[in-house]
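Trainee: Pasting in a structure now, in structure tokens, and then I'll have a few things to ask.
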Amino acid sequence: MGEEVNERAHALWYVGPHCAEIRAEILAGEVGPGEIQIQALYGGISRGTERLVFTGRVPTSEYARMRAPFMVGDFPFPVKYGYATVGRVVAGPDPLLGRTAFALYPHQTMFTLPAGRAALLPADVPASRGVLAANMETALNAVWDAAPGPADRIAVVGAGVVGSLCAWLAGKLPGAEVTLVDIDKSRAAVADALGVRFALPDAAADECDLVIHASASQAGLATALQLAGNEATVVELSWYGVDEVAIPLGAAFHSRRLRLISSQVGQVSPSHRPRWSHMRRMEAALALLADPALDTLIAPAVDFHDLPAQLPRILMGPSNVLCQLIRYPPPA
């Protein structure tokens, strides 16, 4: 076991609409049996979810379901929120000391948690890329829900982090024709790096066997339905917070017998749930991050202590940022 630790840490708190601050955190004393302490190295910001938190747009009905692991506070504010931190184990069982691990933990410089709630990074996954683990877990679950097959024509509408990861996963299927669809032409470079096609919405091939929607926009959902072929499946992966979205279920929706299903990472996909635990799924997601091509999804790092000033730009402004990397200060 490591020595007793009673150091000050610092965490990001969302304290009001469009307002965040860094607060001091007092860590517990000695790390207990079965616990580890992690010194954060890198973090990642989930722009879609954290934008809803930052703006106070988490629906009241979803306050309980939206709680992230180890979140502190209550919605709407103040909350210590986040779920993508990679760090080095600095206290705990000797076999884990010095190892690099991912944890679904808020943005904080150092923290203690049960050892079973952290997943060790494979040797071929750098710490900076490990921050994509939660996004990869979501994408993996969505692809399980979607159940694509070899040689399928697949469209993924919305080239954010999760949509791009879905396209990358589907693109590994033999013979699959995978197109990443987005209104932003610059996402063509992302698609190219991930080995899939790119199209603007009005140029995307229709008659798809499967469509995954991840743009979090009403227009994107309409595009997804338009691209689906006869009796195809459309997987709705977006989450809209308090916004109401009109679904175009007229025209040929019924005559083409389209199937619209939801996907959400909170539970393991029914196709795998009898055999897969959440930890097994997380470990699989981490192993999938070994491909250096995925670095195209990660924006240059922002220093942790600069986050309160930078969050409006990261979360609200027009931006090409996909996953915003957070760089934590080295230990004092």
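Each reported figure results from applying straightforward, stated rules to the coordinates on display, with no laboratory input. What you see is a predicted model; the values in this text were computed from it and never measured. Counting neighbours? That spans all protein chains shown, and the Cβs are built from the backbone with ideal geometry, glycine included.
Trainee: State the three equivalent ellipsoid semi-axes of region 29-128, derived from the C-alpha gyration tensor as the square roots of 5 times its eigenvalues, in descending order and whole Å.
Mentor: Square roots of five times the eigenvalues give 27, 15, 10 Å.
Trainee: Hey, another quick one. Mind pulling the angle between the C-alpha long axis of helix 133-146 and the longest principal axis of the chain? Nearest 10 degrees, somewhere in 0 to 90.
Mentor: 30 degrees
Trainee: If you don't mind, there's one more thing I want to ask. Quick one, can you get me the convex hull of the C-alpha atoms of the chain expressed as volume per residue in Å³?
Mentor: Looking at the chain, the number lands at 134 Å³ per residue.
Trainee: Take the Cα atoms of region 215-260, find their three principal axes, and give me the spread along each one in whole Å, biggest first.
Mentor: Principal-axis extents of region 215-260 (Cα, largest first): 31, 18, 13 Å.
Trainee: Which whole-number percent is the relative contact order of the chain (Cα, under 8 Å, 6+ apart)?
Mentor: Dividing the mean separation by the residue count of the chain yields 18 percent.
Trainee: Using only Cα atoms and rounding to the nearest 10 degrees, what angle (0 to 90) does helix 218-227 make with the longest principal axis of the chain?
Mentor: With rounding to tens, the tilt is 50 degrees.
Trainee: Give me the one-decimal nm value for the distance between modelled label points at D94 and I26, 7 Å along each residue's Cα-to-Cβ direction.
Mentor: Placing both labels 7 Å beyond Cα along the Cβ direction yields 3.3 nm.
Trainee: Any idea what the alpha-carbon Rg over 2.2 N^0.38 Å comes to for region 7-86?
Mentor: My calculation over the Cα atoms of region 7-86 gives 1.18.
Trainee: Using 0.36 nm per residue of separation minus the Cα-Cα distance, give me the extension gain between Q264 and A115 in nm, one decimal.
Mentor: Length gained, Q264 through A115: 51.1 nm.
Trainee: Would you please state which residues of region 82-121 a label at R65 would reach in this model, taking the label point 7 Å out along Cα→Cβ and a backbone N cut-off of under 20 Å?
Mentor: 82-83
Trainee: Still on this model: For region 135-262, taking Cα atoms only, what is the radius of gyration to one decimal and the Dmax to the nearest whole Å?
Mentor: Cα only, region 135-262: 13.2, 39 Å (Rg, Dmax).
Trainee: In Å and from the alpha-carbon atoms only, list the Rg and Dmax of region 242-332.
Mentor: 19.9, 65
Trainee: Next question. HN-Hα J couplings of region 56-62 from phi, Karplus 6.51/-1.76/1.60, θ = phi - 60°, integer Hz, Gly and Pro as x?
Mentor: 3J(HN,Hα) across region 56-62, in whole Hz: x, 10, 6, x, 3, 5, 10.
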